[in-house]
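A quick write-up on the structure given underneath.
The values are calculated or read from the model by the stated rules, or taken from the named source; none is laboratory data. A quick note: this is a predicted structure, and the numbers were derived from the prediction, not measured. Here the Cβ positions follow ideal geometry from the backbone for every residue, glycine too, while neighbour counts run over all protein chains shown. SASA here: full protein model, heavy atoms, side chains in, ligands and nucleic acids out. Shrake-Rupley method; radii C 1.70, N 1.55, O 1.52, S 1.80 Å.
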Amino acid sequence: MTLHSYECSVPPMTAPGFLDGYLPYLLRKADQTLSARFYAVLAEAGVARSEWRVITVLAEHGGLRVADLATAALSPQPTVTHALRRLEERGLVTRTTSPDDRRERLVALTPAGAALTAELVAEATRLEAEALAGAGDLSDLMAQLRDLTARLEARAGATEALAG
């Protein structure tokens, strides 16, 4: 596996600026930095990031409706639909008609999809542990991020209820 390094032509910041204190930017930068080696693994396996999110959600939650899958995969439904088409062509997922509502499609991993996902999850876990070695206990940070997300989702839900 060959990992690519990309040079950045943006000069380093000399004093804290907006981005240095903007949480969405810092979270995205941490994500990109932490995930770079795994993204190379995905590329080598021929799995797009959108496909990775889909198969990982299916591995964790089992069969789901497409709309629920899109929500859990943090992706717009058209992106998930395109990913599903590619995954289905490769024999990694199946789409069946819901027994409750014939208009709904249920998506599930095939045995081949489950095997590939298990391999990728193991590699993601290994690379994450390697990258975070020496970072100390991050359980408080993870709990804070889960709590922050829950608060933001609750606030968004309240705002949508007021608007609707």
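Modelled label-to-label distance, residue 149 and residue 49, 7 Å Cα→beta-carbon offset: nm?
About 1.6 nm, to one decimal.
Across region 115-121, in residue order, what do the Karplus-derived ³J(HN,Hα) couplings come to in whole Hz, using 6.51 cos²θ - 1.76 cosθ + 1.60 with θ = phi - 60° and x for Gly and Pro?
5, 4, 4, 4, 4, 5, 4
How much FRET efficiency would the formula 1/(1 + (r/R0)^6) give for residue 138 and residue 98, where r is the Cβ-Cβ distance and R0 is 30 Å, rounded to 0.05?
Efficiency computed from Cβ-Cβ geometry: 0.15.
Per residue, how much accessible area does the chain have with a 1.4 Å probe, in Å²? Each step should come with its number before you reach the end.
Values: 11520 Å² over 164 residues.
Result: 70 Å² per residue.
Can you list the residues, at least 5 places off or on another chain, whose amide H is less than 5 Å from the amide H of residue 106, using H built in the peptide plane?
Under 5 Å from the amide H of residue 106: 96, 97, 98.
Among 22, 78, 56, whose Cα projects farthest towards the positive end of the dipole of region 1-159, with charges put on the beta-carbon of Lys, Arg (+1) and Asp, Glu (-1)?
Looking along the dipole axis, the top candidate is 78.
Pop a pseudo-label 7 angstrom from the Cα along the beta-carbon direction at both residue 40 and residue 59 and give the gap in nm to one decimal.
Placing both labels 7 Å beyond Cα along the Cβ direction yields 2.0 nm.
With 19 Å as the cut-off, how large is the P(r) tail for the chain, expressed as percent of Cα-Cα pairs? It would help to have the intermediate numbers written out before the result.
Working: 8977 of 13366 pairs.
The share of Cα pairs beyond 19 Å in the chain comes to 67 percent.
Would you work out what percent of the accessible area of the chain, with all protein chains in place, is carbon or sulfur (probe 1.4 Å)?
On the way: 6640 of 11520 Å².
Reported share for carbon and sulfur atoms: 58 percent.
For region 124-133, in order, what is each residue's ³J(HN,Hα) by Karplus, 6.51 cos²θ - 1.76 cosθ + 1.60 with θ = phi - 60°, in whole Hz (x at glycine and Pro)?
Along region 124-133, the couplings run 4, 5, 4, 5, 5, 4, 5, 5, 9, 4 Hz.
Under the definition of Cα pairs under 8 Å and six or more residues apart, what whole-number percent is the relative contact order of the chain?
About 18 percent, as a whole number.
Mind listing the phi-derived Karplus ³J(HN,Hα) values for region 31-47, rounded to whole Hz, using 6.51, -1.76 and 1.60 with θ = phi - 60°, and x for any glycine or proline?
Along region 31-47, the couplings run 4, 4, 5, 5, 8, 3, 5, 6, 4, 5, 4, 4, 4, 5, 7, x, 10 Hz.
About its Cα centre, how strong a charge dipole does region 43-164 have in debye, to the nearest 20, once Lys and Arg get +1 and Asp and Glu get -1 at the Cβ?
Computed charge dipole of region 43-164: roughly 520 debye.
Between 141, 112, 157, whose Cα lies farthest towards the positive end of the dipole of region 109-164 when Lys and Arg beta carbons carry +1 and Asp and Glu beta carbons carry -1, centred on the Cα centre?
Working it through, the farthest residue towards the positive pole turns out to be 157.
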